[in-house]
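To start, the structure under review is shown below, and the notes come after it.
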Amino acid sequence: MKQSAAACFLLLAVICAGTAHAQKKATAQNVPEIPYTSVPNFLKMPPNLYLGEAIGVATNSKGHVFVYTRSANTRLFEFDEKGNYVREIGEGLYGFEFAHSVRVDSQDNIWVVDEGTNMVIKFNPQGQVVMVLGHRPDVVAGAVPTPVGPAPPAQKYTFSRPTDVGWDPQGNIFVSDGYGNARVVKYDKNGRFLKQVGSEKNGSGPGQFNLPHGIAVDAKGNVYVADRTNSRLQVLDNDLNPKAIYDNIGTSWTVCVSQGPHQYLFTSNSNPNGNPPGSWANTGEIYKMELDGTIVGRFGHASKQFGGFQVVHMFDCRNPNEIIVAEIESWRVQKLMLQSPETKISSAR
Amino acid sequence: MKLTTKSFLMAAAVSLLLPCIRMAAQSAPEIRFDSVADPLKFPDNIHLGEVAGVATDSKGNLFVYTRTGHPTITIGTSRAFAHGGSRLFEFDKNGKYVREIGQGIYGFMVAQQVRIDPQDNIWVVDQMTGMVIKFDPQGQVQLLLGRKAEAERIPAVPLNRPAGGQAEAGGGGEGGGAARGLPGAGAQSDVFQRPTDIAWDAAGNIFVADGFGNARVAKFDKNGVFIKSWGSRGDGQGQFNTVHGLAVDAQGNLYVADAGNKRIQVFDNDGNFKAEIANVGSPAALCITRGPHQFLYSSNSNPPDDIDSNGEIYKLELTGKAVGQFGRAGKLPKEFGTVNAIDCRNESELYVGEIGNWRVQKLMLHP
């Protein structure tokens, strides 16, 4: 009797934790483990320069690594392909307040998404700002209370805590927006609004979102959205029509599509912030998939140790066998070398 | 059937009429122009944010007042003290970076405008500190109008107070533009409510556009002694709905961008209403050229959260007759993102400062 009450309580606690953190154990079965090693001391920081929460990471065509981090100030650093420090970009920038994503487009322009200033900022490869999307809330309004209650209607050119950015081969821009709104917005390459899917309201139907937290676009222009609080990955066509939903990979925090003729889709079922009891056993892994949702394999696990993950926020998968992972709660960036052979089996969706 | 025809005709008439009215506002001929690529060269660690002010001096040096860096409120203090968020940069006539002026100064928070007087003094208007700061050409502070609020109210007092309501200067500070008399009339002093612009007449009298909070123009002598102010919130003659910009011609007449009322109001040197110029959209930035035949440039700036409407700049005779117009809202070169400043020292070579696009464009007009 006592025992079952305790079990009930435990179950309740697990359910509560699951709800509060919107974290879900993946339902995919019999997924092969992909063996990997983590490159020791990959990023070499100069003395007196520290990463904070390693929020965004991306590589350019030369293999240089860009890290967008929440340190005392939010900052953007560049490293070479060996992890040697190169420079800081956008020092003191008006658009830098609370890092959320960095991505590099096919022309090696560097784009950051800042959910503190509600800005998406495009730097050219030299590190100069060449385009901005969104509008930082007016400073002159002073210290205004953090908005509570229903979000106001989503505006074409204003974001509400945007999360990520991607591009199709034509250069159209896709923004996941975000914590405040619950939509994906498409702009042309010159920053003009084309359309959106979703709205300021959360939803769980196709084409609705609850915290669209990451975005990636494949070579055909299909759009992959990490629909985090809905614990699923949504696929949209280039006109933002819902195409597919992958909901067997736990809670999709972030997505990445690799380059090359055979593209793979990666997504992270990150362990939740705060390490709630039991969470490490059920979450923390990254999935490698075919674009159609077939799972190729999984790798990684929740851990504070080198080689494990502590809340993966984003990763780079330009080369599908070299994954560069940024973690929130271990303030680090790891470079993972995935090993072959991989046993490809169909997922049990 | 009859009814349907009638209502169809009415609808047709209305739909014909509406474009006609809009056409009238945009009937000015298109002025051809180009944008010079990369007009400014920066050190790696200097970045523009929202460009609020841009102005040249007599030597062609360029001054840019920009909302950049980190506006902050410190914690662990008796009240909420706010600092920073804007910087003033100087470039030479080739666009090469020269120096920063006023680094870390008390009066820089939300850049609003920079203008250069005939003696090459650099005048800065800061919207949030409510201050007008005069630097000499060497960059030393020479004259101050207004006073920064001591501390921030938390939560902040909303910008648009009810008419006749108690006005506060940014919250918690001294005075405030305490509403005496009509709403928006402000104090009979140099206490501003989010001022926007500054200009001088030939005698050196100072005119301040005031602004987003108040709805007045204030006149001071060249030593900063208050002479008078005029205006209140409204849409009548001599009333304003956001005094967004200001320019003075060689005769000392004032041209006031009355953005919310979609007009430019013209006053004589003592503030007597003379004329109003309409059909220029919502004027935000004004500039009057030099020389014997003066022209007025006025920007119908798009709001920062919309690039699908407005954005064009008008070139006008001082009588208000449109000479031409150019540009539209957007993010490409030759497009504009919320123009907040125009420098027109050279009539066909303009600098524009954009809030939406975080940049300065140098425009070559081909009239």
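The values are calculated or read from the model by the stated rules, or taken from the named source; none is laboratory data. All values derive from a computational prediction rather than experimental measurement. With ideal geometry, Cβ positions are generated from the backbone for all residues, glycine too; neighbour counts draw on all protein chains shown. Please note that ligands, DNA and RNA were not included when accessible areas were found on the heavy atoms of the full protein model with its side chains. Shrake-Rupley method; radii C 1.70, N 1.55, O 1.52, S 1.80 Å.
What the table below lists for this structure:
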{"item": "Loop sites in segment A:191-282: trypsin sites (Lys or Arg not before Pro), DSSP, at most 13 other Cβ within 10 Å", "result": "A:220"}
{"item": "Accessible area (Å², per residue) of segment A:193-294, counting only protein heavy atoms and a probe of 1.4 Å", "result": "33 Å²"}
{"item": "Inter-chain Cβ neighbour average for residues A:86-95, partner chain, 10 Å", "result": "5"}
{"item": "Net charge of neighbours whose Cβ lies under 13 Å from the Cβ of residue A:127, counting Lys and Arg as +1 and Asp and Glu as -1", "result": "-2"}
{"item": "Eligible aspartates and glutamates near residue B:93 by straight Cα distance, threshold 20 Å, same-chain separation 8 or greater", "result": "B:34, B:38, B:44, B:57, B:117, B:120, B:136, B:343, B:347, B:349, B:354"}
{"item": "Summed side-chain charge close to residue B:308 - residues other than residue B:308 whose Cβ falls under 10 Å, Lys, Arg +1, Asp, Glu -1", "result": "+2"}
{"item": "At most 13 other Cβ within 10 Å, DSSP loop - trypsin sites (Lys or Arg not before Pro), segment B:88-162", "result": "B:93"}
{"item": "Low-density loop cleavage sites - trypsin sites (Lys or Arg not before Pro) in segment B:171-274, where at most 15 other Cβ are within 10 Å (DSSP)", "result": "B:180, B:222"}
{"item": "Per residue value of the accessible surface for segment B:291-367 (all protein chains in place, 1.4 Å probe), Å²", "result": "32 Å²"}
{"item": "Flagged links, alpha-carbon separation over 22 Å, of B:41/B:362; A:24/A:304; B:222/B:321; A:189/B:331; A:186/A:288", "result": "B:222/B:321; A:186/A:288"}
{"item": "Cβ charges +1 (Lys, Arg) and -1 (Asp, Glu), total dipole of the protein assembly as shown, debye", "result": "1080 debye"}
{"item": "Shielding by other protein chains, A:151-157, mean Cβ within 10 Å", "result": "2"}
{"item": "Between A and B, accessible area buried - total, square angstrom, nearest 100, 1.4 angstrom probe", "result": "2800 Å²"}
{"item": "Stretch gain in nm, segment residue A:195-residue A:39, where the contour uses 0.36 nm per residue and the Cα spacing is subtracted", "result": "52.0 nm"}
{"item": "When the protein assembly as shown is reduced to its Cα atoms, the Kirkwood hydrodynamic radius in Å", "result": "27.6 Å"}
{"item": "Neighbouring partner chain Cβ atoms per residue of A:125-138, average, 10 Å criterion", "result": "5"}
{"item": "Average accessible area per residue (Å²) across segment B:54-117 - probe 1.4 Å, nucleic acids and ligands excluded", "result": "40 Å²"}
{"item": "Largest-first ordering by accessible area, 1.4 Å probe, given options B:299, B:189", "result": "B:189, B:299"}
{"item": "Accessible carbon and sulfur surface of the protein assembly as shown relative to its total accessible area, %, 1.4 Å", "result": "54 percent"}
{"item": "Neighbourhood net charge (14 Å Cβ-Cβ; Lys/Arg +1, Asp/Glu -1) for residue A:309", "result": "0"}
{"item": "Dipole of chain A [Lys/Arg +1, Asp/Glu -1 at C-beta], most positive-end residue of A:48, A:180, A:204", "result": "A:204"}
